[in-house]
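Here the structure is laid out as structure tokens; the discussion comes afterwards.
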Amino acid sequence: MMRKIISLLVLTLLACCIICSCSSDASSGDDDLIVVGVSQVGAESDWRIANTESTKAVFTEENGYRLLFDDAKQMQENQFSAIRKYIQQKVDYIVVMPISEEGWDAVLQEAKEAGIPVIIVDRMVNVDDEDLFTAHVGADFYLEGQKATEWMTEEFADAEEVNIIHIQGTIGSTAQLGRTQALEDALAENSNWNLIAQLDGDFTQAKTYEVMSDYIINSGTRPVIDVVYCENDNSAFGAIEALEKYGYTCGEGGVKVISFDATKQALELCMEGKISFEVECNPMLGPLVKNVIDTIEAGGVPSKYQYVDETVFTPDTVTQEIIDSREY
Ligand code: GYE
């Protein structure tokens, strides 16, 4: 009898051990850290790298968090896998910086059914049911684009014709959609603006350098270019590199380069005059995301949409102090 009881006990113990080791419940550590699973787009730009650093800086053990981080390498499929893994691991929160707007309904529904709040950061998702996410922390990309087109309207008020090259960011991402829409709306209102090329720069310096160079080389006669509207700083770097290689000057009396993000390196180029107009887009969103989680933890309801305030710079307004104090 005793033997039977002992073997039963051993069996039960064994079963317990197996169950525990199989369970990938990330929140079942012996600490009471809040587990946050982050799905980041990639590392395509300086903005993105700063955004990742800002996220990692707040979700630390000292602050009471365990951070699980996945870099999707610019592939939405990888974001889906990361999110599904976080659901299996039973994380407390999921934070997603979505690559593009479409295609999120199914995976966010799974997170919702698992009872895990999802916070969308930076770009947005286009879903049927906005209850699929708890909050969005990001920027108003259409407004950013409008700031640039308003500047263009003033700058070229007396011009007979304005030849514009438009370098787009990752197609289908909110940052691309908003900044593109603003330019297209302004093009419709200014009959003297000619869109001479619309190129896909994918938010990277290398791709933009390539498409911009190809455009110039394949144009036959040297194209007259008044404006290059780049949808982020790394694209502006690639565009300037290509323009200068093929004998254009950027700035006063030359091609007016417009850019978004206002990273330190871009502000330096702005001060040099090579970037004529910079629209700020703030990547330091980590503290805002942390606030959302802290609010929920304290039993509150965070506001659903949180946009950050952003400014603009020209060679006349940017200063060395601004550059020195730039965090990204
Ligand atoms: O402008 C660009 C990055 O979504 C706001 O993505 C972000 C954009 C940013 O790669 O540099």
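Where a number appears in this text, it was derived from the coordinates with a stated rule and is not lab data. This one's a predicted model, so the numbers in the text were calculated from it and none came from an experiment. Heads up, the Cβs are rebuilt from the backbone with ideal geometry, glycines too, and the neighbour counts pull from every protein chain shown.
The table below lists the values:
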{"read-out": "Order of D105, D226, D31 - criterion: other Cβ atoms within 10 Å of each residue's Cβ, fewest first", "value": "D31, D105, D226"}
{"read-out": "Per-residue Cβ neighbour rank within 10 angstrom, fewest leading, R222, R179", "value": "R222, R179"}
{"read-out": "5 angstrom amide H check on D200, placed H, neighbours 5+ away", "value": "Q168"}
{"read-out": "Likely footprinting exposure, T55, T153, T134, T221, fewest C-beta neighbours within 10 Å first", "value": "T221, T153, T134, T55"}
{"read-out": "Sum of -39500 (n - 2.57) over DSSP H runs of 4+, divided by residues of the chain (222 nm, nearest 500)", "value": "-13500 deg cm²/dmol"}
{"read-out": "Charge-dipole axis of the chain as Lys and Arg at +1 and Asp and Glu at -1 on Cβ define it, positive-most pick from T317, A239, Q205", "value": "Q205"}
{"read-out": "Unit charges at the beta carbon, dipole of the stretch 82-186: most positive-side option, A148, L183, M97", "value": "M97"}
{"read-out": "Value of D in µm² per second that Stokes-Einstein yields for the chain, Kirkwood Rh from Cα pairs, at 4 °C (1.567 mPa s)", "value": "60 µm²/s"}
{"read-out": "Estimated dipole of the chain in Debye, rounded to 20 [Cβ of Lys and Arg +1, of Asp and Glu -1, Cα centre]", "value": "1700 debye"}
{"read-out": "For V255, distant residues with modelled amide H under 5 Å away", "value": "T249, C250"}
{"read-out": "Per-pair calculated FRET efficiency, R0 = 22 Å: S325 and A57 via Cβ, rounded to 0.05", "value": "0.80"}
{"read-out": "The stretch 60-207 - charge dipole about Cα centre, Lys and Arg +1 at Cβ, Asp and Glu -1, debye rounded to 20", "value": "780 debye"}
{"read-out": "Loop-located GluC sites (Glu not before Pro) in the stretch 237-328, at most 10 other Cβ atoms within 10 Å (DSSP)", "value": "E252"}
{"read-out": "Whole-number D in µm² s⁻¹ for the stretch 238-302, Kirkwood Cα-pair radius fed into Stokes-Einstein, 37 °C, 0.692 mPa s", "value": "231 µm²/s"}
{"read-out": "Distant alpha-carbon pairs in the stretch 181-253 (separation over 22 angstrom), percent", "value": "22 percent"}
{"read-out": "Angle in degrees between helix 174-189 and the longest Cα principal axis of the chain, rounded to the nearest 10", "value": "30 degrees"}
{"read-out": "Cα radius of gyration and Dmax for the stretch 181-328 (Å)", "value": "18.3, 65"}
{"read-out": "Angle in degrees between helix 141-155 and the longest Cα principal axis of the chain, rounded to the nearest 10", "value": "10 degrees"}
